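Colleague: Input: one structure, supplied below.
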Amino acid sequence: MPEPSPPPRIGPSMNFFSTQSSSADTPAPNGGGKVWVESVSPGMRTVEAVLRELSQNDVPMLVVAEHGAGKAAAAARIHSLSRRARQPFQVLHGRETDEKILAAGEHQGGTVYLQEVGDLSAAAQEEVLRQLSLGDGERNCAPRYICGTSRELEPEVRSGKVHEDLYYRVSGVCLRLPPLRQRKEDIPGLRDWFLAAFAREFGQPVPKLGTETQTFFLEYHWPGNIRELKDAARALVALGDEELAMGGLRSRLRRSEGANGEKISLKDAARAASREAERELILQVLARTRWNRRRAAQELKISYKALLYKLKQIGYEGYGA
């Protein structure tokens, strides 16, 4: 049974604690490559109204959700509904963004989505805080900041990693998005939308999924959230083989079910995460190169023989050209 998701509510200090309407990455005008896929869940329809309300002002805000749950797409949706919609929408990652990059965009307007705001350096945090403290006249030219995080920031505020003033400035309005496993009624719509999008991109027919695969999509727990669902849809279209494309996800489901109650060391967990990240990267590059293994090996900067070995390890031996 899916975990229950609470209805959206507005707190006394303008905090918005809500569930998420479906979101996904794909090209869109001035949306940073994000498109908003409407949800069928009654609670999610309420979220659309919440996002519309958030779009009508320029206050900084914080979006909290697991990796891949749609934080950037929510930010892009707010931007697209706002008076800034014709201005730039920029996605910056905290770890890769310094104070000079932020200062250079001060007069460009639009919206800046700061991914993993807790990873900003101290100097970059000071720059964001400075821009948020500008007077009304100056703020008209400055971007609106929507910050995202996949972890709770209060402990990092207490440790001094995150500037206390910055945290309270951006968290005055806080949007919390649930993981995909808590809104499984949205999965069929998201799945079908991605399948159609990748079919257009690859020039392939939209796959017709069997009953077993459709059931699997609803029962799988999607630890990678919408991003993982998107990758599964890409594999279904790119491979043109339903059993092969779903084999990796099914094996992961069996491993997670078999591991219930078992102890696992931090080292083993790190190794498993590393293997999974490597697998996802290989499949993404193969999809981008339309399964041309030699081109994929060049992009991955490994030998062709090494790629064939890795494909055998992850169960994709014999596919591609």
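The values are calculated or read from the model by the stated rules, or taken from the named source; none is laboratory data. None of the values given here were measured: they were computed from a predicted structure. So basically every Cβ, Gly included, is an ideal-geometry build from the backbone, and we count neighbours across all protein chains shown.
Colleague: Only one of these conditions is not met by A142: (1) among the hydrophobic types (A, V, I, L, M, F, W, C); (2) over 17 Å from V91 (Cα atoms); (3) surrounded by 13 or more Cβ atoms within 10 Å (Cβ to Cβ); (4) at pLDDT below 95. Which number is it?
Modeller: Answer for A142: the failing condition is (2).
Colleague: Does the stretch 55-71 hold any residues that are in a loop (DSSP other than H, G, I, E, B), over 20 Å from D165 (Cβ atoms) and of a type in the set (D, E, K, R), and which are they?
Modeller: Matches in the stretch 55-71: E66 only.
Colleague: Being over 16 Å from P60 (Cβ atoms) and either touching a Gly at 6+ places or on another chain (Cβ under 9 Å) or assigned by TED's automatic domain parsing to the domain that holds Y220 (or both) narrows it down to one of K100, K161, so name that one.
Modeller: Going through K100, K161 in turn, just one is over 16 Å from P60 (Cβ atoms) and either touching a Gly at 6+ places or on another chain (Cβ under 9 Å) or assigned by TED's automatic domain parsing to the domain that holds Y220 (or both): K161.
Colleague: In addition: I'd like the residue in the stretch 182-202 that is among the charged types (D, E, K, R) and part of a helix (DSSP H, G or I) and, out of all such residues, is surrounded by the most Cβ atoms within 10 Å (Cβ to Cβ).
Modeller: The extreme case among them is D186.
Colleague: Of P179, P205, P223, P155, which residue is surrounded by 14 or more Cβ atoms within 10 Å (Cβ to Cβ) and over 20 Å from V40 (Cβ atoms)?
Modeller: Testing whether each residue is surrounded by 14 or more Cβ atoms within 10 Å (Cβ to Cβ) and over 20 Å from V40 (Cβ atoms) leaves just P223.
Colleague: Filtering the stretch 50-76 down to residues that are farther than 16 Å from E116 by Cβ and at pLDDT below 90, which residue is surrounded by the most Cβ atoms within 10 Å (Cβ to Cβ)?
Modeller: Among them, the one singled out is L51.
Colleague: Here's another thing I want to ask about it. Would you mind telling me which numbered condition in (1) assigned to a strand (DSSP E or B); (2) modelled with pLDDT of 65 or more; (3) crowded, with 19+ Cβ neighbours inside 10 Å A24 fails?
Modeller: Every condition holds for A24 apart from (2).
Colleague: Pairs please, first residue from the stretch 82-95 and in the same structural domain as G110 (by TED's automatic domain parsing) and part of a helix (DSSP H, G or I), second anywhere and among the aliphatic types (A, V, I, L, M) and modelled with pLDDT of 95 or more, Cβ atoms under 7 Å, 6+ apart in sequence or on different chains.
Modeller: What qualifies is G94/L114; G94/V117; G94/L120.
Colleague: Right, next: Name every residue in the stretch 284-315 that is in contact (Cβ under 8 Å) with a residue 40 or more places away in the chain, under 23 Å from E201 (Cβ atoms) and of a type outside the set (A, V, I, L, M, F, W, C), in order of residue number.
Modeller: Q284, R290
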